[in-house]
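One structure below.
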Amino acid sequence: MRAYLTKQGDEWDQIAFEQLGSEHLVDQLIAANPEHKTTVVFGVGIKLVLPELKASPKTSGPTPWRRVTSGPTV
């Protein structure tokens, strides 16, 4: 299994994009590193496991945390 050492200021979506090819794979990245799931911005030198991909990345639409789940419709 591959690993990644974080740089100061790394964020989940950035790591998923750079290391796995899509920010839409952030859920799989977090699932592979549950001990860090509450981290928003990483410090330097945190070792993260890069997961084996379970599915091809979604290529369109907003990332899951940017989707609007309620509110007025137009």
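Mind checking which residues of the stretch 1-38 are free of Cβ contacts under 8 Å to residues at least 24 places away in the same chain, part of a loop (DSSP other than H, G, I, E, B) and not hydrophobic (A, V, I, L, M, F, W, C)?
Asn33, Lys37, Thr38
Can you tell me how many residues in the stretch 14-56 are under 14 Å from Ala3 (Cβ atoms) and of a type in the set (S, T, N, Q)?
Of the residues in the stretch 14-56, 2 are under 14 Å from Ala3 (Cβ atoms) and of a type in the set (S, T, N, Q).
Do we have any residue at all in the stretch 52-59 that's out of contact with any His (no Cβ under 7 Å at 6 or more places or on another chain), at pLDDT below 95 and on the phi > 0 side of the Ramachandran plot?
As a first pass, look at the stretch 52-59 and keep what is out of contact with any His (no Cβ under 7 Å at 6 or more places or on another chain): 52-56, 59.
This time we only want the ones that are at pLDDT below 95, so: 52-56, 59.
Filter again for on the phi > 0 side of the Ramachandran plot, leaving none.
No, the conditions are met nowhere in the stretch 52-59.
(1) surrounded by fewer than 17 Cβ atoms within 10 Å (Cβ to Cβ); (2) small (Gly, Ala, Ser); (3) at pLDDT 95 or above: which one isn't true of Ala16, the others all being true?
All conditions are met except number (1).
Being closer than 9 Å to Leu48 by Cβ and either surrounded by 18 or more Cβ atoms within 10 Å (Cβ to Cβ) or touching a Lys or Arg at 6+ places or on another chain (Cβ under 8 Å) (or both) is the filter here, so list the residues in the stretch 20-37 that pass it. Outline the logic, then answer.
Keep residues of the stretch 20-37 that are closer than 9 Å to Leu48 by Cβ, which gives 29, 32-33, 36.
Scanning the stretch 20-37 gives Leu29, Asn33.
The values are calculated or read from the model by the stated rules, or taken from the named source; none is laboratory data. Bear in mind that the values here come from a model prediction, so they are computed numbers and not experimental data. Quick reminder, even Gly has a Cβ in these numbers, built from the backbone with ideal geometry, and neighbours come from all protein chains shown.
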